[in-house]
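The values are calculated or read from the model by the stated rules, or taken from the named source; none is laboratory data. Quantities reported herein were computed from a predicted structural model and do not represent experimental measurements. We place every Cβ from the backbone using ideal geometry, glycine too, and count neighbours over all the protein chains shown. When the accessible area is computed, the model is the full protein with side chains, heavy atoms only, and any ligands, DNA or RNA have been set aside. Shrake-Rupley method; radii C 1.70, N 1.55, O 1.52, S 1.80 Å.
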Amino acid sequence: MSNEFKLISDWIQPDSRVLDLGCGDGELLNYLIKTHNVNGYGMELDPDKTTQALGNGINVIQTDLNSYDLTYYFDEDSFDYVIMTQALQVVSRPDELLDEMLSIGKNCIITFPNFGHWRNRAQLMFGGTMPETETLPYHWFDTPNIHMCTFKDFEKLCEDKHIKVVARTVVNSEHESSLGMRIAPNLLGEVALYQIRKK
Amino acid sequence: MSITNPTVTHYLAVNQPLQLTSGATLPEYELAYETYGQLNEDKSNAILICHALSGDQHVAGIDANGKKGWWDGYIGPGKVIDTDKFFVVCSNNLGGCRGSTGPTSINPQNGKVYGPDFPIVTCKDWVQSQNLLREHLDVEQWAALIGGSMGGMQVLQWAIDFPEKVRHAIVIAAAPKLSAQNIAFNEVARRAIMSDPDFHDGRFIEHDTIPKRGLTLARMLGHLTYLSDDMMGVKFGRELREGKLQYNYEVEFQVESYLRYQGEKFATKQNFDANTYLLMTKALDYFDPAADFEHDLSKALAQATAKFLVVSFTSDWRFSPQRSHEIVKALLDNDADVSYAEVKSEHGHDAFLLPNPHYEGVFRNYMKRVHQDTLAAEAQK
């Protein structure tokens with residue numbers, strides 16, 4: 001079980017209704033079902049992962065979040081939590097997806113890599129190349145990440161959209177936190193976990 | 001591995017009248033069905049397969065004439081629907097022409113062939129009659145109901161009409177009701193049959209004829225809607241049969257030849273009854289389970305307690321993925337246990353019968369869940 005999933009589960013109330021966007025093989029949802037007795041659905045585009053999620057006993061809906069409006073399937077506040085781990089940066093319109101998530105979920109939990117981490121900044125500044133790190137292990141030409149942002153960017157978007165940031169945890173690629181990360185998250189943090197809701 | 005012993009058709013004779021949705025009554029009838037695998041001791045492992053338009057009870061294995069079941073690729077020992085684990089049942093729909101009472105049967109009231117006098121049956125009526133088969137087999141609850149296309153519609157109807165009798169509902173390449181375009185295609189097929197001079201107002205058996213031309217045309221049209229443009233393009237393109245254009249109205253393109261072959265095979269070799277074809281297409285047109293619930297599919301499916309798997313195919317334009325989304329949405333509105341897979345395939349509506357790794361993977365993993373729930377049901381007793 002990844003540390004990130006443990007950190008997320010700390011934010012989840014038992015017996016709640018959860019939607020996991022980009023649920024992969026359903027590991028997180030499975031964990032939450034076992035530890036927090038949640039119920040809900042996973043959504044996943046990849047056929048192989050959908051099949052695995054089914055095999056893991058998850059209720060999974062195969063959907064392309066880029067071309068399908070979540071509000072078609074779900075009414076307002078249908079879920080206690082809508083979770084999306086490491087997928088915000090790969091969708092075509094993260095801002096619109098955020099609106100959809102906040103519409104159908106009372107709380108949303110989002111994790112994404114920080115493009116503002118010092119190592120990324122250093123590679124671009126001193127090497128003059130697009131960053132390749134453990135958190136961002138892709139070349140510029142084959143990366144699925146089409147909308148990279150920094151923590152600062154994300155928080156600016158939240159502010160503009162009147163989204164309330166309820167909690168934030170900043171960690172490194174091993175999902176561990178440190179004093180430095182707490183002091184200078186945008187420079188030293190590699191991955192952030194945000195809990196947000198409508199204001 | 002396939003089922004090796006020749007399969008046997010059983011008959012359930014029902015001597016109580018069946019009140020039909022149309023208002024008519026069928027005084028008595030028979031259902032033809034086949035079974036595969038063993039019913040376990042507590043009868044918790046029975047699966048009912050519902051057939052599509054031109055299907056019948058011979059769904060798996062090889063019958064006495066050497067004919068393979070229409071879904072043999074998916075049903076048998078070790079296959080997706082594993083007959084080592086499940087007791088699989090498939091019946092011929094009422095109004096069919098493969099052994100169940102239908103237009104080719106003798107009307108007990110006058111000793112003549114029913115023909116066009118056979119009453120119109122609906123999906124609801126089929127489910128009622130299949131429920132008697134369930135009682136006859138002494139099965140309290142189906143471990144799963146599975147069907148593609150028109151079979152998927154019966155599964156939906158079952159889940160609404162007899163919720164406590166269905167543990168899992170697998171709805172493949174189906175729709176919650178037909179679109180105007182779907183109905184229009186059915187109407188053209190029916191007109192093709194009815195305008196054949198050999199149709200004789202449906203009394204062709206008494207006239208010792210078969211409306212072959214009409215049936216051929218109806219099947220050609222139907223077949224066309226089962227395929228995708230891409231698949232036909234790949235398979236036939238604009239390939240010519242004689243190598244060059246003839247500038248006449250004979251068969252010139254390979255695709256014309258293929259369609260004629262499929263149509264003629266259906267009308268002659270398979271000897272499908274024209275009145276049954278009319279009846280089945282009508283039943284499809286009438287299918288609309290939401291109609292009894294203020295035309296709200298969510299309300300209709302609020303009755304259902306089964307767990308659902310819904311599957312669609314990307315190139316299916318007869319019942320497109322969009323139609324499956326409607327079903328999924330209505331189930332999600334009810335917080336139902338539902339999973340949905342959209343399988344990439346170039347084979348159009350026909351894809352649900354054909355091999356496909358993603359489809360098989362999804363189906364197999366879901367059947368594991370059905371099996372686990374069967375074992376749990378067994379342990380409870």
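Brief remarks on what is shown
- Hits among aspartates and glutamates - C-alpha to C-alpha of A:K34 under 18 Å, sequence gap 8 or more where chains match: A:E4, A:D10, A:D15, A:D20, A:D25, A:D80, B:D337, B:D373
- Shape of the stretch B:310-381, Cα gyration tensor, a/c cut at 1.5: oblate
- Listed residue pairs exceeding 32 Å between alpha carbons, taken from B:K177/B:K265; B:K43/B:K124; B:K235/B:K307: B:K235/B:K307
- Rounded percent of accessible protein surface that carbon and sulfur make up, the protein assembly as shown, 1.4 Å probe: 50
- The stretch A:5-28 and the stretch B:9-78: distance between their alpha carbon centers, rounded to Å: 43
- Between the stretch B:301-337 and the stretch B:344-381, the Cα center-to-center distance that results, in Å: 15
- Shape of chain A, Cα gyration tensor, a/c cut at 1.5: prolate
- Average accessible surface area per residue within the protein assembly as shown, 1.4 Å rolling probe, Å²: 44
- Against chain A, whose longest principal axis is taken from its Cα atoms, helix A:94-104 shows a tilt of about 30°.
- Taken residue by residue and averaged, Cβ atoms of other chains lying within 10 Å of the Cβ of A:41-54 number 4.
- With Rh defined as the Kirkwood radius, the inverse of the mean 1/r over Cα pairs, the Rg/Rh of the stretch B:242-328 is 1.17.
- Dividing the mean sequence gap of close Cα pairs (under 8 Å, 6+ apart) by how many residues chain A holds gives a relative contact order of 18 percent.
- Note on the protein assembly as shown: with charges restricted to the Cβ of Lys and Arg (+1) and Asp and Glu (-1), its dipole about the Cα centre is near 300 debye.
- Peptides B:10-22, B:236-248, B:168-180, ordered by how many other C-beta atoms sit within 10 Å of their residues on average, highest first, read B:168-180, B:10-22, B:236-248.
- C-alpha long axis of helix A:151-160 to longest principal axis of chain A, angle in °: 60
- Three-way shape label, the stretch B:107-237, alpha-carbon gyration tensor, a/c 1.5: oblate
- Relative contact order [Cα under 8 Å, 6+ residues apart], the stretch A:112-173, whole percent: 34
- Counting only the Cα atoms, the stretch B:196-340 fills a convex hull of 165 Å³ per residue.
- Candidate lysines for bridging to A:K199, where Cα separation is under 20 Å - those fewer than 8 sequence places away on the same chain excluded: A:K106, A:K152, A:K156, A:K161, A:K164
- Under the Karplus curve 6.51 cos²θ - 1.76 cosθ + 1.60, θ = phi - 60°, whole-Hz ³J(HN,Hα) for the stretch A:116-125, x wherever Gly or Pro sits: x, 4, 4, 5, 5, 4, 5, 4, 6, 6
- Each stretch of four or more DSSP H residues adds -39500 (n - 2.57); spread over every residue of the protein assembly as shown, this sum gives -10000 deg cm²/dmol at 222 nm.
- Taking a sphere under 13 Å around the Cβ of A:V171 and counting the other residues whose Cβ falls inside, with K and R at +1 and D and E at -1, yields a net charge of -3.
- Longest to shortest principal axis, alpha-carbon extents of the protein assembly as shown, angstrom: 93, 69, 47
- Shape box of the stretch B:46-153 [Cα atoms, principal axes, largest first, Å]: 48, 33, 25
- Top of B:S324, B:S339, B:S91 by mean-square fluctuation, Gaussian network on chain B, Cα under 10 Å: B:S339
- Take B:28-37, B:129-138, B:100-109, A:53-62 and order them by the average number of nearby Cβ atoms within 10 Å per residue, most first; the result is A:53-62, B:28-37, B:100-109, B:129-138.
- Local electrostatic count at B:T101 - Lys and Arg +1, Asp and Glu -1, tallied over other residues with Cβ under 9 Å: -2
- Shielding by partners for peptide B:357-368, expressed as the average number of C-beta atoms from other protein chains within 10 Å of each residue's C-beta, is 4.
- Neighbour net charge for A:Y31 - beta-carbon separation under 13 angstrom, K R +1, D E -1: -3
- Unit Cα scatterers, Debye sum, chain B: log10 I(q)/I(0) for q = 0.11 Å⁻¹: -0.78
- Accessible surface buried once B binds A (1.4 Å probe; total of both sides; Å²): 1700
- Per-residue average of Cβ from other chains inside 10 Å of B:336-344: 5
- The distance linking the stretch A:31-52 with the stretch B:178-243 is 44 Å (Cα centroid to Cα centroid, whole angstrom).
- Contact order, relative form, for the stretch B:1-145: 29 percent (alpha carbon pairs under 8 Å, 6 or more residues apart, mean separation divided by residue count).
- Rounded to the nearest 5, the antiparallel percentage of DSSP beta bridges internal to chain B is 35%.
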